[in-house]
């Protein structure tokens with residue numbers, strides 16, 4: 001439908017395209033990983049497409065970095081992809097510290113041609129890090145349906161090696177961040193590897209047993225038995241799986257400084273983050289817990305005041321430990 005020298009995503013669907021009945025002109029929405037969604041028009045032959053809206057012209061002044069797809073192979077022979085975004089000054093002589101955004105089961109490479117790679121502008125935004133000199137890594141994260149936690153480090157560690165092989169990433173200055181199940185992914189990873197020098201878990205779980213028994217304010221037992229947690233059955237049938245998949249039982253292995261962020265109105269109970277904090281504090285590990293008032297699960301819907309504070313603390317945490 002549309003061809004250019006750069007990659008675009010042309011959206012299809014009821015709210016993304018239309019035809020002007022009188023002129024036959026086609027109206028459609030496009031975006032790229034450098035430019036957000038805007039409306040375009042063209043004649044039926046697409047000989048003279050023209051942009052109609054420019055919703056955020058100030059974004060044209062921001063360098064969102066250069067991105068590339070990299071690949072690595074898992075122990076079972078499966079090929080995995082990830083998006084590596086490099087800041088303008090990254091080079092072999094000046095490798096950049098890298099932030100890894102994780103979500104077990106996610107496939108961000110599918111969104112390589114969408115603005116900010118289809119991430120929201122709430123808890124994570126690639127441009128916020130790249131514009132401050134960080135490389136950003138968005139790895140695909142295939143995991144099995146049963147006991148997925150066992151594969152977390154097996155998927156991500158060779159991905160880190162593949163990113164480091166570009167020689168434009170500093171393998172000694174790696175940070176990791178995740179939200180919701182991604183926050184749980186972070187909590188598990190830091191019990192499985194010491195590769196990361198800083199970690200941030202937002203709206204995360206740390207104890208599958210207490211979450212299962214508490215009902216998690218709306219997440220029923222099905223989420224644990226047959227959903228993302230992947231326990232494969234009830235607690236009393238597979239107690240060791242619940243222990244193995246609960247980071248709180250393995251905090252003695254943690255060497256990575258952890259920042260926990262949680263809203264007091266999150267359907268994931270605040271006690272989940274508090275258990276992580278109390279355990280790490282008891283073990284005299286470096287850990288900070290932030291509790292935001294009148295804040296729900298998704299920072300996307302927080303007030304500007306809260307988001308400003310959130311981003312200041314997130315960037316300061318990574319700056320302190322990676323720069």
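For segment 279-299, residues that are in contact with a helix residue (DSSP H, G or I) (Cβ under 9 Å, 6 or more places away or on another chain), part of a helix (DSSP H, G or I) and surrounded by fewer than 18 Cβ atoms within 10 Å (Cβ to Cβ) total 1. One residue alone among 317, 302 is at pLDDT below 95, crowded, with 19+ Cβ neighbours inside 10 Å and under 23 Å from the mean Cα position of the chain (by Cα), and that residue is 302. Of the helices (runs of 4 or more DSSP H) that lie entirely inside segment 172-238, those containing 3 or more residues that are in the same structural domain as residue 278 (by TED's automatic domain parsing) and under 15 Å from the mean Cα position of the chain (by Cα) span 181-192.
Checking each residue in segment 265-277 for being in contact with a strand residue (DSSP E or B) (Cβ under 9 Å, 6 or more places away or on another chain) and not in a loop (DSSP other than H, G, I, E, B) picks out 270, 272, 273, 274, 276, 277. For segment 48-101, filtered to residues that are in contact with a helix residue (DSSP H, G or I) (Cβ under 7 Å, 6 or more places away or on another chain) and not in a strand (DSSP E or B), the residue that is nearest to residue 176 (Cα to Cα) is 87. If you go through segment 240-264 and pick out every residue that is in contact with a strand residue (DSSP E or B) (Cβ under 9 Å, 6 or more places away or on another chain) and either more than 24 Å from residue 194 (Cβ to Cβ) or surrounded by fewer than 16 Cβ atoms within 10 Å (Cβ to Cβ) (or both), you end up with 3.
When 23, 53 are screened for being modelled with pLDDT of 85 or more and closer than 30 Å to residue 132 by Cα, only 53 passes. Within segment 36-46, if we keep just the residues that are modelled with pLDDT of 85 or more and part of a loop (DSSP other than H, G, I, E, B), the residue that is farthest from residue 129 (Cα to Cα) turns out to be 43. Can you tell which of 112, 121 is in the same structural domain as residue 295 (by TED's automatic domain parsing), at pLDDT below 90 and in contact with a helix residue (DSSP H, G or I) (Cβ under 8 Å, 6 or more places away or on another chain)? 121 is the lone residue from the list that is in the same structural domain as residue 295 (by TED's automatic domain parsing), at pLDDT below 90 and in contact with a helix residue (DSSP H, G or I) (Cβ under 8 Å, 6 or more places away or on another chain).
The values are calculated or read from the model by the stated rules, or taken from the named source; none is laboratory data. Small disclaimer: the values here were computed from a predicted structure and weren't measured. Cβ atoms come from the backbone with ideal geometry, glycine included; neighbour counts cover every protein chain shown.
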